[in-house]
Each structure stands twice: as structure tokens, then as C-alpha cells.
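Have a look at the structure below, then the notes.
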Amino acid sequence: MPFFERYLSVWVALAIVAGVTLGVAMPGVFEAVAGFEYAHVNLAVAVFIWVMVYPMMIQIDFTAIKKVGQNPRGLLLTLVINWLIKPFTMAALGWLFFKVFFAGWVDPQTATEYIAGMILLGVAPCTAMVFVWSQLTKGDANYTLVQVSVNDIIMVFAFAPIAGLLLGVSDITVPWDTLLLSVVLYVLLPLIAGFLTRQWLGSDERVAHFVGRLKPVSVMGLLATVVLLFGFQAETILAKPMAIVLIAIPLLIQTYGIFVIAYWAAKRLRLKHNVAGPACLIGTSNFFELAVAVAISVFGLHSGAALATVVGVLVEVPVMLSLVAIVNRTSHWFEESNE
């Protein structure tokens, strides 16, 4: 493995420090970049995520996508985790920590809003970064695309009812502009670009060589995204460190707990490693743009719910990279598996 990729966690840690430092030193610059958004999707971050997603899309072989239906267990695992387990465990953990464990540290109204933000994260499975995690674990690009696409379709119909049920409200409205723009930016456009690039390259050998050359660029996109995300929230991180820590604790337990459940199930289902990895990582990551948008529209920009979704953004990359490392180091668990 190249030196730069081998120490990716170190570069991410440095990017986090750089983001917070630059956000404090140059708040005006980050405010200007943060304002460059549409439908709660920051276009600067979107560009960097696009850079990360594009190499994965080049690897997708449309002639092989139809074979995914012959091996449905990985898709079934993703759907069960995302829609029957994750939202409800997130709600339970939020209630347990903020109504019981942290009840003496957080007032009841704020605690309720924190729980709401966690629930919104739990009901929004990831759309964009999944492709990055899949690529880092050498996941099956075709299978990953189908998993993400099916989740997005279900999200259109299930997000509002499940969120409304768990939040105890009946007026949850899906921000269609955020959802549709994210799907177009993070799935449709890079998918078209990847298809055209693959057609232009021709052979699988040229595709592999080209994708290999893009890896450093993709990693730089990841680091730039981290710098921006932490730079945007630098003042919040320094102003409310205790609140961020309290919210992060149940989010971390939820993420690692869901991963353990999904990975154990993948092993029991005898999935191939290149399907098991992405299937589990989809279930543990979140569609944070959607969660933030709903939190702001329902509870307000400065609410505890909005803050909780922002903390979800901040812990996403470091935590997911640790899970990527676990998936890569345990590939031998699945060597004898046949899906």
C-alpha cells in the first residue's frame, strides 16, 4: 500500500486540526464558503465528494449489474439494518443517554432536541460517502451502486413516516430539493461521467490503471472535505465542547454497535467480503445533508436537533475510516465464503 494511503488516518487527524485552526483564524473565509450552498447542500463540499466518488463510478460495469439480483442476501442485509434496526436503536440510545445517563447535565427541552437530531441521522442512510468507503475496502462497485439506489428509493417513501413516528410528530416533510439534488450530484452525474470514461478507456486494464492514478486525487478530496467540515463548525466545537462530547458518545456507540451487528450477520450469511464490507458500512453511515436540512426546518437553525446532526457530520469521517480499517484487516474471515 502506498505511503500516503497507509497513514490515511494520520492525514485525516491533521486535516481535522487544520480545519478547526483555519476556521478560527479565518472565519470569514469559511462563512463565505459555507454560504455557497443550495438546498442545504454545500457545493464546495459536493465538488470534493464528487472527486472521491468518480473513481468508484468508473469501475461500474453496467453489463454486470443484472447479476446483483442473483445474490440478494447482501442487499437484504443492508435494507434490514437501515430500515428495521438502525432508526429504532438510535432512538433508544438517544433516550437512554439524554433522559437517563445525562439527565442531570442537560435540561429536558435540550435533551429532547438532541434525541430528535440523533433520530434524524438514524433514519437517513448514506448516499454519497458510501462509494468512498466501498472503494477503500475494495467493495464490489456494481453491488454498491444497487444497494445505494434501492436505499434512496425506499428513503423517498419511508423517511417521513419513520421519522414522524419516532419523533412523535405528524408534520415531517421530506426536503425534496435536498434529497434530489444530493442524488443527482453524488450518484447520477458521477455515474454518467464514470460510464463515459469507461467507454473511452475501453479495456479493463486501462480502467484499472486510470483508477489507480486517480487514487491520490480521491484521497486529497477526502482530506479537503474534512478540512471544510471542521472549519465550518470550528466556532461551535470550541464554544460547546461538552455538548459535542455528550452527543458524540451515543452516536459512537450506535455506529460501532450497528457495524458489529451487520458484520456478524454478513459472516453468518456467508457473504463475499467485497459485498459484506459495503453492506455493513452503508448501514453505519448517514445522509447528513438530509438530516441537517430536516432538523433546521423542523426545530430551527440554532436548535439542539441541528447541533446533534452537525455532530453526526463531524464524527462521520474519522469513525468510518476506523471501520474501513477493521473491514480491510478482517478480509480473511470471508475468504471461504461463497454467496
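The values are calculated or read from the model by the stated rules, or taken from the named source; none is laboratory data. As the structure is a computational prediction, the values presented were derived from the model and not from experiment. Reconstructed Cβ throughout: ideal geometry from the backbone, glycine too, with neighbour counts over all protein chains shown. For accessibility, only protein heavy atoms count, side chains too; no ligands or nucleic acids. Shrake-Rupley method; radii C 1.70, N 1.55, O 1.52, S 1.80 Å.
Quick notes
- Between the helical axis of 108-122 and the longest alpha-carbon principal axis of the chain there is an angle of about 10 degrees.
- Using the Cβ-Cβ distance between ARG329 and LEU76 with R0 set to 25 Å, the FRET efficiency works out to roughly 0.45.
- Dipole of the chain, positive direction: furthest Cα of LEU14, ASN142, PRO216, with charges on the beta-carbon: ASN142
- Degrees, to the nearest 10: 189-201 long Cα axis against longest axis of the chain: 20 degrees
- Applying Stokes-Einstein at 37 °C and 0.692 mPa s to the Kirkwood radius of the chain, computed over alpha-carbon pairs, gives a translational diffusion coefficient of 162 µm² s⁻¹.
- Heavy atoms of the protein chains alone define the surface here; on that basis the chain has 44 Å² accessible area per residue at 1.4 Å probe size.
- A dipole drawn for the chain from +1 and -1 charges on Cβ atoms has a positive end, and of LEU307, ALA34, TRP264 the residue lying farthest that way is TRP264.
- Under a model in which nothing but the beta-carbon of Lys, Arg (+1) and Asp, Glu (-1) is charged, the chain shows a dipole of about 900 debye around its Cα centre.
- Here the accessible area is traced with a 1.4 Å probe on the protein chains. For the chain, carbon and sulfur cover 69 percent of it.
- Overall form of the range 209-330 per C-alpha gyration tensor (a/c, 1.5; a/b vs b/c): oblate
- Taking label points 7 Å from Cα along the Cα-to-Cβ direction, LEU196 and ILE65 give a separation of 1.7 nm.
- Contact order normalised by residue count of the chain, Cα under 8 Å, 6+ apart, percent: 34 percent
- In a simple Cβ point-charge model (Lys, Arg +1; Asp, Glu -1; nothing else charged), the range 61-206 has a dipole of about 420 debye relative to its Cα centre.
- Taking a straight Cα-Cα cut-off under 21 Å and skipping sequence neighbours fewer than 8 places away in the same chain, the lysines within cross-link reach of LYS99 are LYS86, LYS240.
- For the range 40-142, size of Cβ-based charge dipole, Lys and Arg +1, Asp and Glu -1, in debye: 360 debye
- Using alpha-carbon coordinates, inclination of helix 288-299 to the longest axis of the chain, degrees: 20 degrees
- Most positive-pole-ward Cα, ALA325, LEU93, PHE195, against dipole of the chain from beta carbon charges: ALA325
- Centroid-to-centroid, using Cα positions, the range 56-119 and the range 284-330 are 10 Å apart.
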